[in-house]
Amino acid sequence: MRLASSLVFTVALTSAVASTGCGKEVVRGANDPSIDAYAVSTGLDKEDIQRALKETLDNLRAAPIMNQWRTTNPPPTVAVFPFQNSTSEHIDSMLDAMLSETESWLVDAQVVTVISRERQHQMIREVEGQANPVFNQANVAKYGQQLGAKYYITGKVQGADERNDDMRRVQYFIFLQVIEVETSAIKWQRKTYVTKAIK
């Protein structure tokens with residue numbers, strides 16, 4: 001009898017705790033597209049990335065380097081390297097998403113051969129050594145040569161973080177670049193801006 005009473009009490013207590021702790025509703029973005037419309041932090045989100053990429057890649061589509069790639073046979077080989085994050089924000093995962101979107105866009109455009117990012121990690125280990133296989137922006141040209149890439153796409157993000165008594169604002173300056181491996185010449189560059197605030 002004591003075991004049954006104890007079990008009933010435990011179930012009742014668990015139900016009470018669960019019902020008070022679950023006041024929020026979980027909603028899927030596919031069912032409510034407005035979820036993505038609101039900013040919830042000063043970090044970059046999907047809306048910011050999509051808008052920034054639309055501006056930059058629309059510009060690349062009509063750029064002289066893209067026209068050159070369209071007429072080059074065989075298609076030039078392009079590597080996509082990580083962004084340099086010079087902000088105080090923890091946005092590296094969104095910058096990786098931006099690179100993946102750029103990589104997909106290049107593959108879909110079918111004007112260049114895109115080197116697999118997994119292959120790049122292997123090559124970085126070869127250049128940097130097994131003890132410290134971390135991407136080093138200073139060695140990008142070496143990476144490109146190792147991979148046999150003629151060009152690489154990379155980017156950088158800089159920011160201004162301002163605060164006062166009532167507000168915090170972060171302004172992002174996002175640059176996307178096409179760089180020729182052999183000469184390190186910037187063949188194309190585009191910047192876009194994203195501003196986020198907490199009021």
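Values quoted throughout were computed directly from the atomic coordinates according to the rules given, and no laboratory measurement underlies them. Quick caveat, the model's predicted, so the values are computed rather than measured. So basically every Cβ, Gly included, is an ideal-geometry build from the backbone, and we count neighbours across all protein chains shown.
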Extension gain (nm, one decimal) between Lys54 and Lys191, 0.36 nm per residue minus Cα-Cα
48.2 nm
Given H placed on each backbone N at 1.01 Å, which residues far from Trp188 in sequence or on other chains put an amide H within less than 5 Å of it?
Val178
Can you give the FRET efficiency to the nearest 0.05 for Gln68 and Ala97, using r as the Cβ-Cβ distance and R₀ = 25 Å?
0.35
Cross-link partners among lysines for Lys156, C-alpha distance below 22 Å, same-chain residues fewer than 8 apart left out?
Lys46, Lys54, Lys142, Lys187, Lys191, Lys196
